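Take a look at the structure below.
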Amino acid sequence: MEPLIITDHYEIDYRHSYAQDSPFFVGLTEGKLMGSRCTACGYTFATPRAHCMQCGAPTAWLELPLNGRVHTFTTCHYGGEAFLKETPFTLVLVEFDGANTLFLSRLKGISGDAVRVGLPVRAHFTKTPSMKVTDVWFEPA
Amino acid sequence: MKPVYMISGGITKFAKAHPDKDFRMMVKEAYDYALRDVPRFSKDMIAGAVGSYFSDHFTRQLKAASMVQDYLGLCPKPSKRVEGGGATGGLCFQSAWEAVASGRMNCCLAFGFETMSRVNTWKGNEFIALASDTNFDFPVGGFYSGYYAMMVQRHMYEFGTTVEQMAMVSVKNHANALSNPYAQKAKRLTVKQVRESPMVATPLTMEDICTMSDGAAACILASEDVAFKVCDRPVKISGVGSGSDAMRMADRPHGQVLLLPHERESDYTALKYPGVHSFRGGRMAAKLAYEMAGIRNPMEDLSFIELHDAYTSSEIQTYEDLGLCKYGDGGRFVESGTPFMPGVDYGLELPKQGRLPVNPSGGLLACGHPVGATGLMQAVFAFWQLQGTMGKHLGNDTLQVRDAKRGLIHSHAGTGTYITVSILEAV
């Protein structure tokens, strides 16, 4: 017998708390890029975390510069289903002076072919926040 | 710790979809194959089992491993499920090893499966990307091929690795699989064809990336007493190691290289490590496995490797993590022909062809990647290589590595967050 195949729909809304990461997302609505710095060893995170990955001590919030450089990049011509309609889009990891780690974001305002490691970029913020990390993106500085 | 042996293994054919068999039936098929290969062994000798599958999203059946356990008739024996992204199968294998090495069990079954055909490819990519930070990474464009593409862009920037070198990995693994009837996507390719296939995430094309699959695999691990009683050619698991790294690539440090026994600090004076170009967890896993197995120099001490080539780029990066060449030399390593099979025509100039075959099976690129089964599939192929039984199981011996003494299997999860390395030896 041929196997019987049906379609089974599944959908859910999660209640998601940003918890200790919340100040970062509120910062985006104020045009600020918030990182964090370890209160014990000074290690500085461009993607914030409440406790230091190196030594475990608490970190303090820190406003990052809005200008950085492309550390690496890719242009996605396909993607997960949620992002397919946005293709092609360019992803970058951004490095900042004074930070030990990087920040993942979209790069807009430039063709994917023209992006290079080291390209100076600047953060831009949406005027209509959705309280997601995509409320910030980068463009060539 | 007690010595641990692999005494049998089985796999299903990996395919885009197996609508005629659910996950229980697929595991049953692999498990029955393994049982048939050791006629003096009986299932009563199995003390317990470890199951592996990656995603509850794909399965949409929580505690699916419990359903396999009862389907195989193994209740009420001990059972658990292991999950660790792409490394799920490798972690499962090592969990079964731990059960026997500790003396808790004389014989432990490791089984794994994945049923990825239940959603379309792009929904599948979305599910997989949920294995990245859902606050900071996933919403930006959650797509694993994009993450690996960024890693290799940096590798290219640091070391001059080329897209043609990456394409050679694709040519190699797809051609190897032509002799492997279990493989999903065997084909003859040229470097040009790899580059001209549709671009997915620059610089990775469709032929640089593995596919999604349905499939299952099973391994039976046993103590020395059981192994030599029931199996003519058991294979010893002489070393296990594993490692990890930060979930967010953005958080990876830029520090010092973790050195292997045959390397020196002066080899890497300027390299900031691991950055996003290398897998520190893979280096850690190799270091621990080499120490346990007494491997001083992997190029001299290994006969073949089955490694996690979800991307051509990650195969090149993994050559370096495993210490087959120095960091930065991975591209030239594949160009030299070293990781190709001897005696197979790839249509390429390969001066050192076949010195240390990597992914003789065809790897994930060509066999497919039913996540929970993948790491166990590598163990099954390595087991057959070390038994010298590839011909018997594959129907031809093109992929049999001659006089294989020691093999390495390597399983890897999302951008290097969990990685396992296990060493198997002929006895």
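The values are calculated or read from the model by the stated rules, or taken from the named source; none is laboratory data. Given the structure is predicted, the values throughout are model-derived calculations rather than measurements. Note: ideal-geometry Cβ built from the backbone for every residue, glycine included; neighbour counts use all protein chains shown.
So here's what we get for this one:
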| quantity | calculated |
| --- | --- |
| Residue that is surrounded by the most Cβ atoms within 10 Å (Cβ to Cβ) [pool: residues in segment B:172-200 that are touching an Asp or Glu at 6+ places or on another chain (Cβ under 9 Å) and of a type in the set (A, V, I, L, M)] | B:Val200 |
| B:Lys229 surrounded by fewer than 24 Cβ atoms within 10 Å (Cβ to Cβ) and assigned to a strand (DSSP E or B) | no |
| Within segment B:114-157, considering residues that are of a type in the set (D, E, K, R) and modelled with pLDDT of 95 or more, the one farthest from A:Trp137 (Cα to Cα) | B:Glu114 |
| Subset of segment B:198-226 (residues that are in a strand (DSSP E or B) and free of Cβ contacts under 8 Å to residues at least 60 places away in the same chain) | B:Met199, B:Val200, B:Ala201, B:Thr205 |
| Qualifying helices (runs of 4 or more DSSP H) (wholly inside segment B:310-427; at least 2 residues being surrounded by fewer than 21 Cβ atoms within 10 Å (Cβ to Cβ) and either touching a residue at least 40 places away in the same chain (Cβ under 8 Å) or not charged (D, E, K, R) (or both)) | B:330-335, B:390-394 |
| B:Pro181 under 15 Å from B:Ser313 (Cβ atoms) and either touching a residue at least 12 places away in the same chain (Cβ under 8 Å) or touching a Cys at 6+ places or on another chain (Cβ under 9 Å) (or both) | no |
| Every residue from segment A:96-141 that is more than 10 Å from chain B (Cβ to nearest Cβ), touching a helix residue (DSSP H, G or I) at 6+ places or on another chain (Cβ under 9 Å), in a strand (DSSP E or B) and not hydrophobic (A, V, I, L, M, F, W, C) | A:Pro140 |
| Subset of segment B:290-337 (residues that are hydroxyl-bearing (Ser, Thr, Tyr) and in contact with a Cys (Cβ under 8 Å, 6 or more places away or on another chain)) | B:Tyr311, B:Tyr319 |
| Residue count for segment A:54-65, restricted to those that are outside any strand (DSSP E or B), in contact with a strand residue (DSSP E or B) (Cβ under 8 Å, 6 or more places away or on another chain) and within 25 Å of A:Ala123 (Cα to Cα) | 1 |
| Segment B:37-58: number of residues that are more than 21 Å from the chain's Cα centre (by Cα) and touching a residue at least 12 places away in the same chain (Cβ under 8 Å) | 10 |
| Any pair with Cβ under 7 angstrom, 6 or more apart, that starts in segment A:121-141 at a residue that is in contact (Cβ under 8 Å) with a residue 60 or more places away in the chain and ends at one that is small (Gly, Ala, Ser) | A:Phe125/A:Gly31; A:Val136/A:Ser105; A:Val136/A:Ala123; A:Phe138/A:Ser105; A:Phe138/A:Ala123 |
| Unmet criterion (only one of (1) surrounded by 20 or more Cβ atoms within 10 Å (Cβ to Cβ); (2) more than 20 Å from the chain's Cα centre (by Cα)) for B:Gly84 | (2) |
| Residue match in segment A:25-35 (condition: in a helix (DSSP H, G or I) and more than 20 Å from A:Glu139 (Cβ to Cβ)) | yes |
| Segment A:1-39: number of residues that are under 26 Å from A:Gln54 (Cβ atoms) and basic (Lys, Arg) | 2 |
| Tally, over segment B:212-253, of residues that are hydroxyl-bearing (Ser, Thr, Tyr) and under 30 Å from A:Val94 (Cα atoms) | 2 |
| Selection status of A:Ala82, assigned to a strand (DSSP E or B) and over 13 Å from the mean Cα position of the chain (by Cα) | no |
| Which listed residue, of B:Met151, B:Met168, is facing another protein chain (nearest Cβ under 8 Å) and in a helix (DSSP H, G or I) | B:Met151 |
| Qualifying residue in segment B:120-140 (condition: farther than 17 Å from B:Ala250 by Cα, within 8 Å of chain A (Cβ to nearest Cβ) and outside any helix (DSSP H, G or I)) | yes |
| Test: B:Met247 is within 24 Å of the chain's Cα centre (by Cα), surrounded by fewer than 24 Cβ atoms within 10 Å (Cβ to Cβ) and within 14 Å of another protein chain (Cβ to nearest Cβ) | yes |
| Identity of the residue in segment B:266-319, more than 22 Å from B:Ala382 (Cα to Cα) and of a type in the set (Val, Ile, Thr), that ends up farthest from the chain's Cα centre (by Cα) | B:Thr269 |
| Close pairs from segment A:82-110: first in contact (Cβ under 8 Å) with a residue 60 or more places away in the chain and more than 23 Å from B:Lys123 (Cβ to Cβ), partner assigned to a strand (DSSP E or B) and not hydrophobic (A, V, I, L, M, F, W, C), Cβ under 7 Å, at least 6 apart | A:Phe96/A:Gly68; A:Ala99/A:Gly35; A:Ala99/A:Thr44 |
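Quick grid of which residues meet (1) over 28 Å from B:Asn120 (Cβ atoms); (2) within 12 Å of chain B (Cβ to nearest Cβ):
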| residue | (1), (2) |
| --- | --- |
| A:Phe24 | yes, yes |
| A:Arg37 | yes, no |
| A:Cys52 | yes, yes |
| A:Gly56 | yes, no |
| A:Trp61 | yes, no |
| A:Thr72 | yes, yes |
| A:Gly80 | no, yes |
| A:Phe89 | no, yes |
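This table checks each residue for (1) more than 22 Å from B:His254 (Cβ to Cβ); (2) modelled with pLDDT under 95.
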{"site": "A:Glu11", "(1), (2)": "yes, yes"}
{"site": "A:Ser22", "(1), (2)": "yes, no"}
{"site": "A:Glu30", "(1), (2)": "yes, no"}
{"site": "A:Ser36", "(1), (2)": "no, no"}
{"site": "A:Thr47", "(1), (2)": "no, no"}
{"site": "A:Cys55", "(1), (2)": "no, no"}
{"site": "A:Thr59", "(1), (2)": "no, no"}
{"site": "A:Thr74", "(1), (2)": "no, no"}
{"site": "A:Tyr78", "(1), (2)": "yes, no"}
